[in-house]
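Submitted below is the structure of interest, expressed as structure tokens.
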Amino acid sequence: MDRKLRNKEGFTRRDFIKGASLAALGLAVGVTVDSKDIVKAPVRTKVILIRNKAAVGADGKCNPPIIQDMIDQAVRVLFDVDSSDKAWKSMFKPDDIVGIKSNVWGPLPTPPEVERSIKKGIFSAGVAEKNIGIDDRGVLGNDIFKKATALVNVRPLRTHHWAGVGGLIKNHIMFSPEPWNYHDNSCADLATVWKLPIVKDKTRLNILVMLTPLFHGIGAHHFDREYTWKYNGLLVGTDPVAVDTVGLQILMAKRRAYFGEEKPMKPSPHHIAFADTKHNLGVADLGKINLIKLGWDEDVLI
Amino acid sequence: MNLAEIIPKEVKGWHREGDIEKYDRETIFRYMNGAGEIYRMYDYRGMEVLRMVKPDQPEVKIEMFDMGSPDDAFGVFSHMREGDEAGVGEGSEYRKGLLSFWQGKYFFCIIGGQETEETKQIIFELAKIITGFYKPSNAKPAILRLLPEENLNSGTIRYFNLPSSLNYHYFVSDKNILHLSRETDAVLAKYGESYCYLLCIKYPDNTVSKKAFVDFLSVYLPEVEKAGIYQVSDGKWLAIELMQKYVVIIFDAPNRQFAEALWRQAIAKIRNQ
């Protein structure tokens, strides 16, 4: 027997069950975090959940002024400042070149209203419009992304046939010229994408769009509107692992409510836990995440 | 494999559109991104895609996958299924405009861009044409016969070879501590009402099975050194056995009695085969 294995060269299901990263494996009920009195907590561990009942209308379209207000409120609280302008200015300088890494997946893309609100915020920090780009699959050929000094990462949360969930950690995979190299073991080591030079240390803001998340899917042909719901929320933070962890808990809670039983994700989204335990990209332990909830709280699920 | 030979140019008012697309083990990602990995976990040899159109109806697409053998055609079907049998080919499922089924060494998906009464009709009509063309294998992987019948949820049976498949359905470890490979046959199935799983693996020889047994215990259950039934956490029991080329593990049994009954039945199945 290889004794190194016994000395925890790897991670097993039992390690997660014993440890606090269980939540990020999508296996169990999440911990409700009491967010009172933590507004002054370090930005890095903060995750802002903001919801507005009117964010998505009956026609399924986003309400632009409400989306703008949600994002501005969220960054204000995230950076603990008294105006959204100050928040954007704390993230970006006028000489920055900023790429907004979006997601164009057909059935559930990043809403253009969210992209436009982010762009407006970056513009308010003094960044020239010509130095702000929005892209997804074309980032490697996009001059703004090639020269970018800063990134904003934004996409909707959904279940994913191969990674368990498609969230913020996964969204940067298009920065790799060979995304399939990250497929092993259900994309377990996706966090290593964040070490690529084109990405490393550039992502200043992460926004997980929770307006109409997809909470269930089956196999490769994977989208059914029945498995989406109007949550009307955004999760905002600087730590993609922490934001994904909170998002995953909301999806798990929705699955429990919908199916009437604990229904583990398939495959397990262990890339979120590994982003913490193996790759130190961020925090996947709900007990260490300062979740601040703003706005509409009906059926908040966390 | 040639969809052009199977599907007529016109079927009940639907016409073939464009050329047949072909994708091999490397190019499959161009067609379906990361989902290609599901097929590559098996002995996937290649696929063809044929599109059918009719005015005022969403496109219907036929995907045909050569899985190399009936075992692997069943395997990839078992990987994806979640619902009830749809009565097509050797095993099938229909969900909202998507019919998937296997026949012989082939796996098929017929997909309507959107489900309408017309797309549903043409999907089943196309499936009828396809299943009439290929002979059924009339065989499922032999290891399925080792699953005890009592409390078996037959819709959850998964057949596979690789650790990535196991972790997809039930995450065990990021390392291949059970030494799964193309040389192993494995089946995973859910038992009872809770999430209790039975995993049965057949190795190429007794040496590999023993190594897998020892390594699994050492990493996953370091507090024990032999086969048996163990409580691993509140309300979760694990049972494990090594029998010649076979390793059997029961995960997440709700209590000792349930684990022991299933364990004994599985052992008897292997002994009596």
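Nearest-5 percent of antiparallel DSSP beta bridges in region A:90-215?
15 percent
With only alpha-carbon atoms in the gyration tensor, what are the semi-axes of the equivalent ellipsoid for region B:138-253, in Å, largest first?
With the √(5λ) rule applied to region B:138-253, the semi-axes are 20, 19, 13 Å.
Another one. Please report, ordered by residue number, every helix of chain A (full DSSP H runs) that is 15 Å or longer along its axis going by C-alpha atoms and whose mean Kyte-Doolittle hydropathy reaches -0.5.
A:64-78, A:240-259
Same structure again: With the cut-off at 20 Å, tell me which of the pairs A:86/A:119; A:53/A:120; A:230/A:266; A:278/B:190; A:147/A:200 have Cα atoms farther apart than that.
A:53/A:120; A:230/A:266; A:278/B:190
From Cα coordinates alone, what are the radius of gyration and Dmax values for region A:86-162 in angstrom?
Using the Cα atoms of region A:86-162, the pair Rg, Dmax is 12.9, 40 Å.
Between residue A:149 and residue B:19, what is the label-to-label distance in nm when each label sits 7 Å out along the Cα-to-Cβ direction?
Reported label-point gap for residue A:149 and residue B:19 is 4.8 nm.
Using unit Cβ charges (K, R positive; D, E negative) and no other charged atoms, how large, in debye to the nearest 20, is the dipole of region B:41-137 about its Cα centre?
For this selection, approximately 180 debye.
A follow-up question, please. In the calculated pair distance distribution of region A:134-282, what percentage of Cα-Cα distances lie above 17 Å?
60 percent
What area, in nm² and to one decimal, does the C-alpha convex hull of region A:248-302 cast on average over all directions?
So the mean shadow area of the Cα hull is 4.8 nm².
Modelling each spin label as a point 7 Å along the Cα-to-Cβ direction, I'd like the residue A:181/residue B:255 distance in nm, to one decimal.
Computed distance between label sites residue A:181 and residue B:255 equals 5.3 nm.
Largest first, please: the extent of the C-alpha atoms of region B:1-99 along each principal axis, to the nearest Å.
Sorted from largest, the Cα extents of region B:1-99 read 37, 32, 24 Å.
Mind checking Rg over Rh on the protein assembly as shown, alpha carbons, Kirkwood formula for Rh?
0.98
Something else about it: Which of B:233, A:102 comes first, and how do the rest follow, when ranked by fewest Cβ neighbours within 10 Å?
B:233, A:102
Now for a different question. Give me D for region A:140-218 in µm² s⁻¹, whole number, from Stokes-Einstein with Rh from the Kirkwood sum over alpha-carbon pairs, 10 °C and 1.306 mPa s.
119 µm²/s
Cut-off is 10 Å between beta-carbons; in what order do A:274, B:124 appear when sorted fewest neighbours first?
B:124, A:274
Taking each full run of DSSP H in chain B as one helix, which ones are at least 15 Å long along their axis (Cα atoms) and have mean Kyte-Doolittle hydropathy of at least -0.5?
B:70-80, B:117-133, B:206-220
Then there's this: Taking just the alpha-carbon atoms of region A:81-125, what radius of gyration and Dmax come out, in angstrom?
Here Rg and the maximum Cα pair distance are 12.4, 37 Å.
Any chance you could list the semi-axes, whole Å, largest first, of the equivalent ellipsoid that the Cα gyration tensor gives for chain B, using √(5λ)?
40, 18, 16
Also, I was wondering about something else. Relative contact order of chain B, please, whole-number percent, based on alpha carbon pairs below 8 angstrom and at least 6 residues apart.
That works out to 12 percent.
Could you point to the residue in B:166, B:152, B:111 farthest towards the positive end of region B:92-177's charge dipole, with +1 and -1 charges on the Cβ of Lys/Arg and Asp/Glu respectively?
Positive-end residue among those listed: B:166.
Shifting gears a bit: Please report, in cubic angstrom per residue, the volume enclosed by the convex hull of the alpha-carbon atoms of chain A.
Convex hull of Cα atoms, per residue: 136 Å³.
Can you give the Rg and Dmax of region A:52-115 based on its C-alpha atoms, in angstrom?
Using the Cα atoms of region A:52-115, the pair Rg, Dmax is 13.9, 41 Å.
So, one more: With +1 assigned to the C-beta of every Lys and Arg and -1 to the C-beta of every Asp and Glu, and no other charges, what is the dipole magnitude of the protein assembly as shown about the Cα centre in debye, to the nearest 20?
1020 debye
Taking R0 as 60 Å, what's the FRET efficiency between residue B:10 and residue A:280 from their Cβ-Cβ distance, rounded to 0.05?
For residue B:10 and residue A:280, the calculated efficiency is 0.50.
Straight-line reach from residue A:263: which aspartates and glutamates have a Cα under 13 Å away, not including same-chain ones fewer than 8 places off?
Straight-line reach from residue A:263, under 13 Å: B:82, B:193.
Could you pull out every residue, at least 5 positions away or on a different chain, whose amide H is within less than 5 Å of the one on residue B:243? Hs are placed 1.01 Å off N in the peptide plane, and Pro or chain starts have none.
HN-HN under 5 Å from residue B:243: B:248.
Taking only C-alpha pairs under 8 Å that are 6+ residues apart, what is the relative contact order of chain A in percent?
28 percent
Helix-only estimate, please: 222 nm mean residue ellipticity of the protein assembly as shown, summing -39500 (n - 2.57) across DSSP H runs of length 4 or more and dividing by its residues, to the nearest 500.
-8500 deg cm²/dmol
With 10 Å bins from zero, work out the P(r) of region B:73-230 over every alpha carbon pair and list the percent per bin.
10, 33, 30, 18, 7, 2, 0
Can I ask one more? Can you list the lysines whose alpha carbon is less than 20 Å from that of residue B:9, not counting same-chain residues fewer than 8 positions off?
B:22, B:54, B:61, B:120, B:128
With the crude spin-label approximation of a point 7 Å out along Cα→Cβ, what separation in nm comes out for residue B:149 versus residue B:205?
The modelled label-to-label distance comes out at 3.6 nm.
What relative contact order, as a whole-number percentage, does region B:7-63 give when Cα pairs under 8 Å and 6 or more residues apart are counted?
38 percent
Turning to a different aspect of this structure: Based only on the alpha carbon positions, what is the Kirkwood hydrodynamic radius of region B:13-60, in angstrom?
Computed over region B:13-60, the radius equals 12.1 Å.
Find how many whole Å separate the alpha carbon centroid of region B:228-273 from the alpha carbon centroid of region A:275-298.
Cα centroid of region A:275-298 versus Cα centroid of region B:228-273: 37 Å apart.
Quick note: the coordinates plus some simple rules give every number you see, no bench work behind them. Only a predicted model underlies this, so the values are computations on that prediction, with no experimental measurement involved. Because the Cβ atoms are built from the backbone with ideal geometry, glycine has one as well, and the counts that use them run over all protein chains shown.
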